[in-house]
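Report on one structure; see the data block that follows.
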Amino acid sequence: PLGPGRRMAGRAYTVRYVSASTPPGTVGDYLDEVPAGGVVVLDNDGRADCTVWGDILTAVAHARGIAGTVIDGVCRDVHRALDLAYPVYSRGRFMRTGKDRVEVAETQAPVNIGGVQVRPGDLVLGDEDGVLAVPQDCEEQVLVVAEEIAEREEGILRMALAGSSIAEARAAYGYHDLQRRSES
């Protein structure tokens, strides 16, 4: 996350960048197609030498109610995102524009973000710890597992704060089995 206290949730609107051709193509005109509540997910192949998101895109996205931006690469003009409390998640910050260096190859197609495939419409969530993407076809299953984990962790915390040892509380709630794939 670019700043503390940021949270976002929405459906992925994906954009994949490639090195610019001659003459170079556009870097950001897709924003007009992103619906309010959507999350812009930008695959810039992890590049740290040029950006694909800056203050103009931040200001417009914020004004249009876009939930946030995820970049496999770097961003710039961070003051705008920080001033507006607009959620941006990236690999870092750098001042060089992507204009004439990269161009949009495609929108609304699967992209790769930090080794994870994100498809258009996937649920994207972000908080102070980072970002995760939940594929549409397993959202219900993920929700059930997440709720179970949250309930168990709350139980562990209650027991431990009431005087039980961590080991006892974890054993009582099956802590060491949480998040393990079942064999069935």
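The values are calculated or read from the model by the stated rules, or taken from the named source; none is laboratory data. Quantities reported herein were computed from a predicted structural model and do not represent experimental measurements. Here the Cβ positions follow ideal geometry from the backbone for every residue, glycine too, while neighbour counts run over all protein chains shown. Accessible surface areas use protein heavy atoms only, side chains included; no ligands, DNA or RNA. Shrake-Rupley method; radii C 1.70, N 1.55, O 1.52, S 1.80 Å.
The table that follows gives values for the structure above.
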{"quantity": "GluC sites (Glu not before Pro) restricted to DSSP loop in segment 102-184 with at most 11 other C-beta within 10 Å", "calculated": "128, 183"}
{"quantity": "The chain: most fluctuating residue of 67, 81, 162 per GNM, C-alpha cutoff 10 Å", "calculated": "162"}
{"quantity": "Rounded to 5, the percent of DSSP beta bridges in segment 1-128 classed as antiparallel", "calculated": "45 percent"}
{"quantity": "In Hz, Karplus ³J(HN,Hα) per residue of segment 92-98 (6.51, -1.76, 1.60; θ = phi - 60°; x = Gly, Pro)", "calculated": "x, 10, 7, 8, 7, 5, x"}
{"quantity": "Karplus-derived HN-Hα couplings along segment 157-171 (A = 6.51, B = -1.76, C = 1.60, θ = phi - 60°), whole Hz, x at Gly and Pro", "calculated": "4, 4, 4, 5, 6, 8, x, 5, 6, 4, 4, 5, 5, 5, 5"}
{"quantity": "Within segment 53-184: Cβ-based charge dipole about Cα centre, in debye rounded to nearest 20 (Lys, Arg +1; Asp, Glu -1)", "calculated": "640 debye"}
{"quantity": "Vicinal HN-Hα couplings computed from phi for segment 107-118 (Karplus, 6.51 cos²θ - 1.76 cosθ + 1.60; Hz; Gly/Pro x)", "calculated": "10, 6, 9, x, 10, 10, 10, x, x, 10, 6, 10"}
{"quantity": "Stokes-Einstein translational diffusion, segment 80-155 - Kirkwood Rh over all Cα pairs, 1.002 mPa s, 20 °C, in µm²/s", "calculated": "137 µm²/s"}
{"quantity": "Mean separation of Cα contacts under 8 Å, 6 or more apart, over the residue count of segment 81-179: relative contact order %", "calculated": "14 percent"}
{"quantity": "Net length gained if the chain between residue 129 and residue 172 were fully extended (0.36 nm per residue, minus Cα distance)", "calculated": "12.7 nm"}
{"quantity": "With DNA, RNA and ligands ignored, accessible area of residue 17 (1.4 Å probe; Å², nearest 10)", "calculated": "10 Å²"}
{"quantity": "Spatial separation of Cα centroids for segment 59-90 and segment 1-53, in angstrom", "calculated": "10 Å"}
